[in-house]
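The values are calculated or read from the model by the stated rules, or taken from the named source; none is laboratory data. Predicted model, so just to flag it, every value in this text is computed and none were measured. Every residue, glycine among them, receives a Cβ derived from its backbone with ideal geometry; neighbour counts consider all protein chains shown. These accessible areas exclude ligands, DNA and RNA; they are computed on the full protein's heavy atoms, side chains included. Shrake-Rupley method; radii C 1.70, N 1.55, O 1.52, S 1.80 Å.
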Amino acid sequence: GEDQYKLVLKINTNVQDIMNDRIANIVFTKNSHSGIKISESCIAKKSYYYVPSKYIVSSGNSYGVLAVESGGVTFRPVKLVATIEGISYIELTEGLSAGAMIQAENSTEMIAIGDMAEVDGVYVVNGGYEQYEIIQVRYRSQGYAIVEGINMYDRVKIIG
């Protein structure tokens with residue numbers, strides 16, 4: 001029926017020989033988290049620069065920032081790694097360094113690039129090459145994590 005569960009506990013002969021009692025303490029927990037369950041030993045952390053997403057500008061199929069320089073404002077490409085909850089994590093490319101002032105598009109707001117944050121991720125090995133994928137950990141318990149950001153059949157590397 002609704003909200004009813006059935007538990008079948010199988011005890012093999014080895015357990016029967018050792019156990020004195022026939023009582024088992026069981027705790028039921030209902031997990032409402034969705035995602036893919038992986039071992040916590042697969043999760044690696046990497047540091048990236050981060051800026052509010054409003055400072056990221058797209059030009060065609062590339063991403064960048066509007067760098068404030070002595071000659072005015074210039075589009076400088078960046079590698080956009082991920083955008084999570086309004087924050088964009090980036091890798092700086094040539095011509096852009098930490099401390100550079102950037103401007104939001106259609107605004108006069110400016111900030112300096114410099115803050116870094118560690119982001120959870122996993123190394124996915126598909127097709128013979130290894131690639132770092134950022135994940136979002138939804139739940140952790142007993143050495144496992146339920147994550148989003150990878151696909152069901154991805155081969156995830158265990159970090160030694």
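How much accessible area per residue does the chain have, in Å², with a 1.4 Å probe?
Per residue, the chain has an accessible area of 72 Å².
Setting aside same-chain residues fewer than 8 positions from Lys157, which aspartates and glutamates have a Cα under 20 Å from its Cα?
Glu40, Glu118, Asp120, Glu130, Glu133, Glu148
Looking at [x] 1.59; [y] 1.13; [z] 1.26, which value of Cα Rg over 2.2 N^0.38 Å comes from a calculation on the structure shown?
[x]
Students often get this wrong: which residues of the range 41-83 have the backbone nitrogen under 12 Å from the point 7 angstrom along Cα-to-C-beta of Tyr132?
Only 44-49, 81-82 fall inside the zone, counting backbone N under 12 Å.
Using each residue's phi in the range 143-151, evaluate 6.51 cos²θ - 1.76 cosθ + 1.60 at θ = phi - 60° and report the 3J(HN,Hα) Karplus result to the nearest Hz, with x for Gly and Pro.
x, 10, 9, 9, 10, 10, x, 10, 9
Heavy-atom accessible area of Glu69 with all protein chains present, probe 1.4 Å, nearest 10 Å²?
70 Å²
To the nearest 500 deg cm²/dmol, what mean residue ellipticity at 222 nm is calculated for the chain from DSSP H runs of n ≥ 4 alone, each contributing -39,500 (n - 2.57), summed and divided by the residues?
The helix-only estimate for the chain comes to -1000 deg cm²/dmol at 222 nm.
Subtract the Cα-Cα distance of Lys46 and Glu85 from 0.36 nm times their separation in residues, and report this length gain in nm to one decimal.
Net length gain for the segment: 12.2 nm.
In what sequence, largest accessible area first, do Lys46, Lys54 appear using a 1.4 Å probe?
Lys54, Lys46
Whole-Hz Karplus ³J(HN,Hα) for the range 67-75, in order, using 6.51 cos²θ - 1.76 cosθ + 1.60 and θ = phi - 60°, x for Gly and Pro?
Couplings: 7, 8, 10, 4, x, x, 9, 10, 6 Hz.
Could you check how much of the accessible area of the range 101-160 is carbon and sulfur, as a whole percent, using a 1.4 Å probe?
Ligands and nucleic acids excluded, carbon and sulfur reach 45 percent.
Counting pairs of alpha carbon atoms under 8 Å apart in space and at least six apart in sequence, what relative contact order in percent does the chain give?
RCO, the chain: 26 percent.
Would you mind checking the range 42-60 for residues with the amide N under 18 Å from a putative spin-label position 7 Å along Cα→C-beta of Met116?
Within reach of a label on Met116, which here means backbone N under 18 Å from a point 7 Å along Cα→Cβ, the range 42-60 contributes 44-52.
Short version: what are the Cα gyration tensor semi-axes of the range 63-147, square root of 5 times each eigenvalue, largest first, in whole Å?
With the √(5λ) rule applied to the range 63-147, the semi-axes are 32, 16, 10 Å.
Using θ = phi - 60° and the Karplus relation 6.51 cos²θ - 1.76 cosθ + 1.60, list the HN-Hα couplings for the range 36-45 in order, rounded to whole Hz, with x at every Gly or Pro.
Each residue's phi maps through the Karplus curve to give 10, 8, 9, 6, 5, 6, 8, 7, 10, 10 Hz.
Rank these residues by their accessible area, most exposed first, probe 1.4 Å: Lys10, Lys79.
Correct descending sequence by accessible area is Lys10, Lys79.
About its Cα centre, how strong a charge dipole does the chain have in debye, to the nearest 20, once Lys and Arg get +1 and Asp and Glu get -1 at the Cβ?
480 debye
Can you send over the solvent-accessible area of Leu96, 1.4 Å probe, protein chains only, in Å² to the nearest 10?
Using a 1.4 Å probe on the heavy atoms, I get roughly 20 Å².
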